[in-house]
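Engineer: Pasting in a structure now, in structure tokens, and then I'll have a few things to ask.
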Amino acid sequence: MDAMIEAEPRPREAPRVALAHDWLVGMRGGERVLDRLARLYGPTDLYTLLDSGVVLTDAIAACRVHPSALQRFPRATGAWRRHYLPLMPWAVGRLRVAPCDLLISTSSAVMKSIRPPDGVPHLCYCHSPARYLWEQSADYAGGAGGRLRSLGLTLTGPAFRRWDRRTAGRVTRFLANSAHTAARIKRCYGRRAAVVHPPVRTAYFTPDPSVEREDWLLVVSALEPYKRVDRVIEAARQGGFALRIAGSGSQAETLEKAVANVPNVQMLGGVDDPTLRDLYRRAAGLVFPQLEDFGIVPVEAMACGCPVAAFVPPIDDPRGRGGAAETVTDDSGVFFDEQTPGAIAQAVTRLVATPPRADACRTQAERFAESVFDAAVTRHVEEMLAGG
């Protein structure tokens with residue numbers, strides 16, 4: 001009788017999943033993705049070029065962080081980080097990943113090129129092929145120290161691009177944050193990528209029916225040249241609509257001077273999450289003037305019932321159409337196809353005249369919830385661990 005009783009199966013050990021991320025110096029969209037991965041697979045080993053030591057989230061802080069040799073260079077985690085771009089291939093090449101079952105990298109620079117242990121599959125969540133190498137090098141040459149960075153990239157760029165393309169072979173499977181990025185991965189690396197949109201905190205960013213919408217427009221952005229915030233300021237000056245701008249960055253002082261004599265534009269600086277959610281709930285609409293690979297801000301706004309006026313280039317634009325073409329619909333916003341003050345002002349007029357319904361905005365945003373991201377990533381991880 002005892003011989004007929006089958007032994008209970010041993011519980012399966014959780015797979016050992018190591019993580020890699022370009023750098024840990026601030027909390028932006030890429031770090032939101034890393035946080036979800038750390039929640040799914042951490043605490044675990046986390047490899048990075050640079051670690052500023054700032055606690056980004058509890059899940060990330062719980063990981064065992066292994067910074068590269070670049071960490072020892074002067075001001076590498078601060079203002080001089082971009083000066084070290086030509087050294088990043090060397091730094092990532094020196095990282096040694098401990099034994100694991102799967103390596104997951106999140107990359108918009110060089111971390112897709114980290115070398116996994118022999119026989120270990122490597123899943124790369126790619127926010128973008130390195131912009132400063134392929135399509136937006138001029139943006140990285142702007143600002144203080146830009147000429148020095150530009151000289152470094154001019155001298156090393158061709159070899160850097162060859163290295164970047166060659167080391168794409170270290171990735172077993174690519175995930176892209178949008179169809180726009182998947183097309184760029186194919187163009188730059190000759191590799192296919194499955195699309196898994198980034199996680200958006202739709203459980204936090206929610207409408208509040210007790211809050212009435214007001215008559216001003218909102219921009220939420222890093223204040224950097226390629227974000228085109230200056231174009232929205234000029235549109236507000238010409239069109240006379242009230243505008244509030246939340247964000248910080250290298251252009252902050254320049255933009256503050258630009259709005260000094262424009263009474264209908266208010267600079268708010270960087271804001272915390274509760275303030276940001278309140279802004280989304282009260283704004284008449286969000287203006288999104290930049291070309292992004294995905295763009296989490298419009299989805300956060302829509303999750304709060306706030307409609308969006310978004311820049312989406314013409315269909316034949318060689319840059320592609322950007323992430324807003326995938327996140328914003330006619331039911332949740334309006335579009336403009338030129339990054340000019342006139343086009344922005346016209347889009348704002350259309351948005352205010354016939355605002356999309358808040359419930360339609362919310363429904364669209366829920367397509368990008370954290371649970372949707374978790375399920376998609378889990379499926380890819382299970383396939384790879386099974387040898388797929």
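The values are calculated or read from the model by the stated rules, or taken from the named source; none is laboratory data. Just so you know, these numbers come straight off a predicted model, no measurement behind them. Virtual Cβ from ideal backbone geometry, glycine too; neighbours counted across all protein chains shown.
Engineer: Please state which of the following conditions Ile245 fails to meet, knowing it meets all the rest: (1) in a loop (DSSP other than H, G, I, E, B); (2) touching a Leu at 6+ places or on another chain (Cβ under 7 Å).
Structural biologist: Condition not satisfied by Ile245: (1).
Engineer: Among the residues of segment 227-264, which ones are under 20 Å from the mean Cα position of the chain (by Cα) and crowded, with 18+ Cβ neighbours inside 10 Å? Before you say what the answer is, go through the steps one by one.
Structural biologist: Looking only at segment 227-264, we keep the residues that are under 20 Å from the mean Cα position of the chain (by Cα), and these are 227-229, 245-251.
Selection gives Lys227, Arg228, Val229, Ile245, Ala246, Gly247, Gln251.
Engineer: Turning to a different aspect of this structure: Just one of Gln290, Gln364, Gln339, Gln346 is free of Cβ contacts under 8 Å to residues at least 40 places away in the same chain and of a type outside the set (Ser, Thr, Tyr); which is it?
Structural biologist: Working: Gln290 fails: free of Cβ contacts under 8 Å to residues at least 40 places away in the same chain; Gln364 fails: free of Cβ contacts under 8 Å to residues at least 40 places away in the same chain; Gln339 fails: free of Cβ contacts under 8 Å to residues at least 40 places away in the same chain.
Just a single option satisfies the conditions, and that option is Gln346.
Engineer: Against the conditions (1) touching a strand residue (DSSP E or B) at 6+ places or on another chain (Cβ under 9 Å); (2) charged (D, E, K, R); (3) without any contact (Cβ under 8 Å) to a residue 12 or more places away in the chain, where does Glu300 fall short? Just the number, please.
Structural biologist: Exception for Glu300: condition (3).
Engineer: Looking at Ala310, Ala343, which one is out of contact with any Pro (no Cβ under 8 Å at 6 or more places or on another chain), closer than 23 Å to Ala242 by Cβ, assigned by TED's automatic domain parsing to the domain that holds Asn264 and surrounded by 15 or more Cβ atoms within 10 Å (Cβ to Cβ)?
Structural biologist: On the way: Ala310 fails: out of contact with any Pro (no Cβ under 8 Å at 6 or more places or on another chain).
Result: Ala343 is the single residue among Ala310, Ala343 that is out of contact with any Pro (no Cβ under 8 Å at 6 or more places or on another chain), closer than 23 Å to Ala242 by Cβ, assigned by TED's automatic domain parsing to the domain that holds Asn264 and surrounded by 15 or more Cβ atoms within 10 Å (Cβ to Cβ).
Engineer: Test of understanding: among Asp359, Asp374, which residue is of a type outside the set (A, V, I, L, M, F, W, C), outside the structural domain of Val120 (by TED's automatic domain parsing) and either in contact with a Cys (Cβ under 8 Å, 6 or more places away or on another chain) or in contact (Cβ under 8 Å) with a residue 40 or more places away in the chain (or both)?
Structural biologist: Numbers: Asp374 fails: outside the structural domain of Val120 (by TED's automatic domain parsing).
Going through Asp359, Asp374 in turn, the sole match is Asp359.
Engineer: I'd like to know if segment 185-203 contains one or more residues that are aromatic (Phe, Trp, Tyr), assigned to a strand (DSSP E or B) and either closer than 30 Å to Thr349 by Cα or modelled with pLDDT of 95 or more (or both). Before the answer, list the steps.
Structural biologist: Going residue by residue through segment 185-203, those that are aromatic (Phe, Trp, Tyr) are 189.
From what is left, the residues that are assigned to a strand (DSSP E or B) are none.
Within segment 185-203, none of the residues are aromatic (Phe, Trp, Tyr), assigned to a strand (DSSP E or B) and either closer than 30 Å to Thr349 by Cα or modelled with pLDDT of 95 or more (or both).
Engineer: Criterion first (surrounded by 23 or more Cβ atoms within 10 Å (Cβ to Cβ) and not assigned by TED's automatic domain parsing to the domain that holds Arg131) does Val211 satisfy it?
Structural biologist: Values: surrounded by 23 or more Cβ atoms within 10 Å (Cβ to Cβ): no; not assigned by TED's automatic domain parsing to the domain that holds Arg131: yes.
Here the answer is no, as Val211 does not meet what is asked.
Engineer: Something else now. Just checking, how many residues over segment 160-208 are touching a Ser or Thr at 6+ places or on another chain (Cβ under 7 Å), surrounded by 18 or more Cβ atoms within 10 Å (Cβ to Cβ) and either closer than 21 Å to Arg39 by Cβ or free of Cβ contacts under 8 Å to residues at least 40 places away in the same chain (or both)?
Structural biologist: Number of matching residues: 1.
Engineer: Applying the selection to segment 361-388, what residues are part of a helix (DSSP H, G or I) and under 30 Å from Tyr226 (Cβ atoms)? Break it down into steps so the answer makes sense when it comes.
Structural biologist: Within segment 361-388, the subset part of a helix (DSSP H, G or I) is 361-368, 370-385.
Within segment 361-388, Cys361, Arg362, Gln364, Ala365, Glu366, Arg367, Phe368, Glu370, Val372, Phe373, Ala376, Val377 meet the criteria.
Engineer: Let me ask something additional. Need at least 2 residues that are surrounded by fewer than 16 Cβ atoms within 10 Å (Cβ to Cβ), of a type outside the set (D, E, K, R) and not assigned by TED's automatic domain parsing to the domain that holds Lys186 per element, so show me which strands (runs of 3 or more DSSP E) inside segment 31-127 make the cut, counting only ones lying wholly within it. Reasoning before the result, please.
Structural biologist: Numbers: elements: 45-51, 64-67, 102-107, 122-126.
Ranges flagged: none.
Engineer: Tell me whether segment 325-338 contains one or more residues that are closer than 23 Å to Arg131 by Cβ, in contact with a Pro (Cβ under 8 Å, 6 or more places away or on another chain) and surrounded by 18 or more Cβ atoms within 10 Å (Cβ to Cβ).
Structural biologist: yes
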